[in-house]
Amino acid sequence: MTSLVQHITIDCADAYELALFWAEVLGSSLADDDEPGDPEALVETPRGTLLFVTVPEPKRAKNRVHLDLRPDDRTRDEEVERLLAIGATLVADHRKPNGRGWATLADPEGNEFCVECGAGERAALTGARLPVTADDVTLAVRLAVDVMAQAPGDGWRNPAGTLEWDCWETVEHLSDDLFSYAVQLGPRKPPQDRLVPYHFAPRREGGPWNMVFADPEAGSTGLLQTLEASGSLLGAMVRTTPADVRSHHAWGLSDPEGFAAMGIVETLVHTHDVAAGLSLPWTPPRDLCDRVLARLFPDAPDDEDRWTVLLWSTGRADLPGRDRVTSWKWHGAPLDR
């Protein structure tokens, strides 16, 4: 047996006030029962929890333990400026002209922390491929659900684009895909030569073979809840499964990043199919398309319109100067193979 880190505890002069600062840093909030003057305050985030405890002793020297931050949606330098504006101070600047390095800042009570480049900025500096993450799965599914939630209630039995299934069945199939990818990562010894043996069956002849079906009585709201729930399961499994784990897929063994990328591609292209059947606009973010193309379709054309390239790679669109794809498969294995 081993121990788990419950939270990181920071001694301070005013737990509530310092927790407010760090909640803004991390895009979070204090616990509901925290109030000014409380001796403790808690800031919870998906990546960890900070506990602030008021103590009488002042800070006397440089902390032996500190936090390293990296921004998700902006550059390192933009994040430094944001943090300075909300009350941090610059302690030491180790940023280099080539864009690497870090800045050391202090919070309002003098606790040091560092700000480094985020994953996207680091990839741009090094020329490395930006990995597909659990956060990408969450983003893709939320964008898809938000678009499909705009659909009128009477169109769900329309054909989904060029598929043989209707829009309702296609969302069920997508929910099933995400669930299936999640459970492949679930066993302590993931299967290497088969799927986890759930029962698959169609609801009608010619319909998708699924493990997951939505209750028709719940309407489209319930249908989209099943999609969001399956996406959350996949995101959680990708986030918590060690990177060296391998599990079966029909097109070869894959790793957690591969299953994340597969789930995202399924989400993006099947939302395209459903959006066509429901007359909804749908264009996912370029950078998200680029990341899954680099992971699953490493030989895809480098045309600027990455969404169209993804549609072309999955046989759903034309690409100028290239034959239309009529048969395709992705590269699910880790790219070092």
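The values are calculated or read from the model by the stated rules, or taken from the named source; none is laboratory data. On a predicted model such as this, the values are computed, not experimentally measured, just so you know. Please note: Cβ atoms are built from the backbone with ideal geometry, for glycine as well, and neighbour counts cover all protein chains shown. Heads up: the accessible areas ignore ligands, DNA and RNA and are worked out on the full protein's heavy atoms, side chains in. Shrake-Rupley method; radii C 1.70, N 1.55, O 1.52, S 1.80 Å.
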Exercise. Considering only residues that are in a helix (DSSP H, G or I) and in contact with a His (Cβ under 9 Å, 6 or more places away or on another chain), look in the stretch 283-306 and name the one that is farthest from Arg129 (Cα to Cα).
Key: Leu296
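Conditions tested, residue by residue: (1) touching a Phe, Trp or Tyr at 6+ places or on another chain (Cβ under 8 Å); (2) more than 18 Å from Leu185 (Cα to Cα); (3) of a type in the set (Asp, Glu).
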residue: Gly231; (1), (2), (3): no, no, no
residue: Ala243; (1), (2), (3): no, no, no
residue: His249; (1), (2), (3): yes, no, no
residue: Phe259; (1), (2), (3): yes, no, no
residue: Pro284; (1), (2), (3): yes, yes, no
residue: Asp290; (1), (2), (3): no, yes, yes
residue: Ala294; (1), (2), (3): no, yes, no
residue: Pro298; (1), (2), (3): no, yes, no
Exercise. Would you mind finding the one in Ala214, Ala236 that is assigned to a loop (DSSP other than H, G, I, E, B), among the aliphatic types (A, V, I, L, M) and more than 18 Å from Leu130 (Cβ to Cβ)?
Key: Ala214
Quiz item: Do we have any residue at all in the stretch 181-201 that's open to solvent by 10 Å² or more (accessible area, probe 1.4 Å), small (Gly, Ala, Ser), at pLDDT below 95 and not in a helix (DSSP H, G or I)?
Solution: no
Quiz item: Here are some conditions: (1) under 27 Å from the mean Cα position of the chain (by Cα); (2) open to solvent by 20 Å² or more (accessible area, probe 1.4 Å); (3) in contact (Cβ under 8 Å) with a residue 24 or more places away in the chain. Asp166 meets all but one. Which one does it not meet?
Solution: (1)
Exercise. Of the numbered conditions (1) of a type in the set (Val, Ile, Thr); (2) closer than 14 Å to Val115 by Cα; (3) open to solvent by 90 Å² or more (accessible area, probe 1.4 Å), Thr2 fails exactly one; give the number of that condition.
Key: (2)
Quiz item: Which ones in the stretch 143-162 are closer than 12 Å to Ala276 by Cα and open to solvent by 90 Å² or more (accessible area, probe 1.4 Å)?
Solution: Thr162
Quiz prompt | Among residues of the stretch 92-149, those that are basic (Lys, Arg), closer than 30 Å to Trp282 by Cα, in a loop (DSSP other than H, G, I, E, B) and without any contact (Cβ under 8 Å) to a residue 60 or more places away in the chain, counted | solution = 0
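Any residue that is open to solvent by 10 Å² or more (accessible area, probe 1.4 Å), under 13 Å from Thr133 (Cβ atoms) and within 19 Å of the chain's Cα centre (by Cα) - is there at least one of those in the stretch 259-282? Give the steps one after another, and end with the answer.
The initial filter retains those residues of the stretch 259-282 that are open to solvent by 10 Å² or more (accessible area, probe 1.4 Å), namely 266, 270, 272, 276-282.
So of that shortlist, the ones also under 13 Å from Thr133 (Cβ atoms) come out as none.
No; the residues of the stretch 259-282 include none that is open to solvent by 10 Å² or more (accessible area, probe 1.4 Å), under 13 Å from Thr133 (Cβ atoms) and within 19 Å of the chain's Cα centre (by Cα).
Go through the stretch 112-125 and count every residue that is open to solvent by 20 Å² or more (accessible area, probe 1.4 Å) and either within 28 Å of Asp11 (Cα to Cα) or not basic (Lys, Arg) (or both).
7
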Exercise. Tell me, please, whether a residue that is exposed (fewer than 15 other Cβ atoms within 10 Å of the Cβ) and closer than 17 Å to Cys114 by Cα can be found in the stretch 6-18.
Key: yes
Quiz prompt | Pair list, Cβ < 7 Å and 6+ apart or interchain, from the stretch 206-230 residues that are closer than 12 Å to Glu172 by Cβ to residues that are assigned to a loop (DSSP other than H, G, I, E, B) and of a type in the set (Gly, Ala, Ser) | solution = Ser220/Ala151; Ser220/Gly153; Gly222/Ala214; Leu223/Ala214; Leu224/Ala149; Thr226/Ala214
Self-check item: Hits in the stretch 53-93 - residues which are in contact with a helix residue (DSSP H, G or I) (Cβ under 8 Å, 6 or more places away or on another chain), more than 30 Å from Leu139 (Cβ to Cβ) and open to solvent by less than 50 Å² (accessible area, probe 1.4 Å)
Solution: Val53
